[in-house]
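The values are calculated or read from the model by the stated rules, or taken from the named source; none is laboratory data. Note that the structure is predicted; figures quoted are calculated from it, not measured. For neighbour counting, all protein chains shown are included, and Cβ atoms are generated from backbone atoms with ideal geometry for every residue, glycine included. Only protein heavy atoms, including side chains, enter the accessible area calculation; ligands, DNA and RNA are left aside. Shrake-Rupley method; radii C 1.70, N 1.55, O 1.52, S 1.80 Å.
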Amino acid sequence: MMTEKAPSYRFLFGPVHSRRLGISLGVDLIPHKTCTLNCVYCECGKTTRLTLERSEYLPTDAILEELDSFLSQNPKLDFITFSGAGEPTLHSGIVKIIDFIKSRHPQYRVAVLTNGTLFIQAQVRNEIAGADLVIASLDAASAGSFNSINRPHPKLTINDLVEGLAKFQEEQPGQLQVEVFVVPGLNDAQDELNCIKTALNEISPGLVHLNTLDRPGTEEWVRPATRDSLHLIARQLGGVDVVRFKPGSPDKAESMENVQERILSTLKRRPCTSQDLGNMFGLEESDLQDLLNPFILKGLIEIKEMARGVFYKARE
């Protein structure tokens, strides 16, 4: 019996088995690569449009149609996650999209992965208040490290970032978690860690995640922190969860053609190793290579070798 081919989606990707969010359906609200920051480690590459302007970058109604089409099939999901290749809070329709999910498909939880730079604006905080979980970035708490790691829009300051996150936590207690991305040589010195710890105490998030480079970043010189140094930093900051990948289980009912399409959609947004993809989609190495090889032969995927292994990335 043939499995019906799934519809092709422009704004949705996955579902994937996320390290922190379980089975997660990604929603990409922003054109690649539109952001308020140009982080040295970003897996999506260099920011090509550095902006603070909020706008309807992608058509809200079209995003709602795709979500309704996908969610009407009652997929098994832990979260619907706003992430992708840009800063999701730049999209002026994000509140409408969150409200749509909560009213039409209330069984699903919503997560927003954000750099938090627009939280100084009360309107932005109010618009994402309907989300179940917000994970924001705080990679530095001094102006020097903020500028070196995150390379922000000129009008952004680290003080505004910390203040905005603290206000959101105060207004929406229980929703906010913070991720600290360790870049050796830039934010792992004791004075920088002390600044970050002070900022975290001011923000008082529900949970702090510690992360480091796991796939090719924007700048070639960025290197991952070692496991030992991550655990040492976690102890220094206190109450920190070191991110670990938690593989999921495959959906046996899904056709290989549908999985292949989902893989390409994922690789358009972030580089992955075969192990990453295997964990995300529940595939054995041999099955995965059968799906990747046609893309490689057609020149749709490029290969890059790094310390952690061979990474696959969709060509732009």
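Some notes on this structure:
- Considering the range 102-143, and only residues there that are closer than 20 Å to S18 by Cα and in contact with a Phe, Trp or Tyr (Cβ under 6 Å, 6 or more places away or on another chain), the residue that is surrounded by the fewest Cβ atoms within 10 Å (Cβ to Cβ) turns out to be R109.
- Residue match in the range 234-242 (condition: closer than 25 Å to I30 by Cβ and either out of contact with any Gly (no Cβ under 8 Å at 6 or more places or on another chain) or modelled with pLDDT of 70 or more (or both)): no
- Being open to solvent by less than 10 Å² (accessible area, probe 1.4 Å) and β-branched (V, I, T) is not true of V16.
- Residue in the range 61-81 that is modelled with pLDDT of 95 or more, closer than 27 Å to V162 by Cβ and either aliphatic (A, V, I, L, M) or surrounded by fewer than 17 Cβ atoms within 10 Å (Cβ to Cβ) (or both) present: no
- Tabulated pairs, the range 104-117, first on the phi > 0 side of the Ramachandran plot, second of a type in the set (S, T, Y) and modelled with pLDDT of 95 or more, C-beta under 8 angstrom, 6+ apart or interchain: G116/S137
- Qualifying residue in the range 218-232 (condition: at pLDDT below 75, within 22 Å of the chain's Cα centre (by Cα), open to solvent by 40 Å² or more (accessible area, probe 1.4 Å) and under 24 Å from C39 (Cβ atoms)): no
- Considering residues of the range 123-166 that are of a type in the set (D, E) and touching a strand residue (DSSP E or B) at 6+ places or on another chain (Cβ under 7 Å) only, the residue nearest to N211 (Cα to Cα): D139
- Remark: pairs (first residue in the range 66-80, more than 15 Å from G26 (Cβ to Cβ) and touching a residue at least 24 places away in the same chain (Cβ under 8 Å); second residue open to solvent by less than 50 Å² (accessible area, probe 1.4 Å) and assigned to a strand (DSSP E or B); Cβ separation under 8 Å; 6+ apart in sequence or on different chains) = K76/I23.
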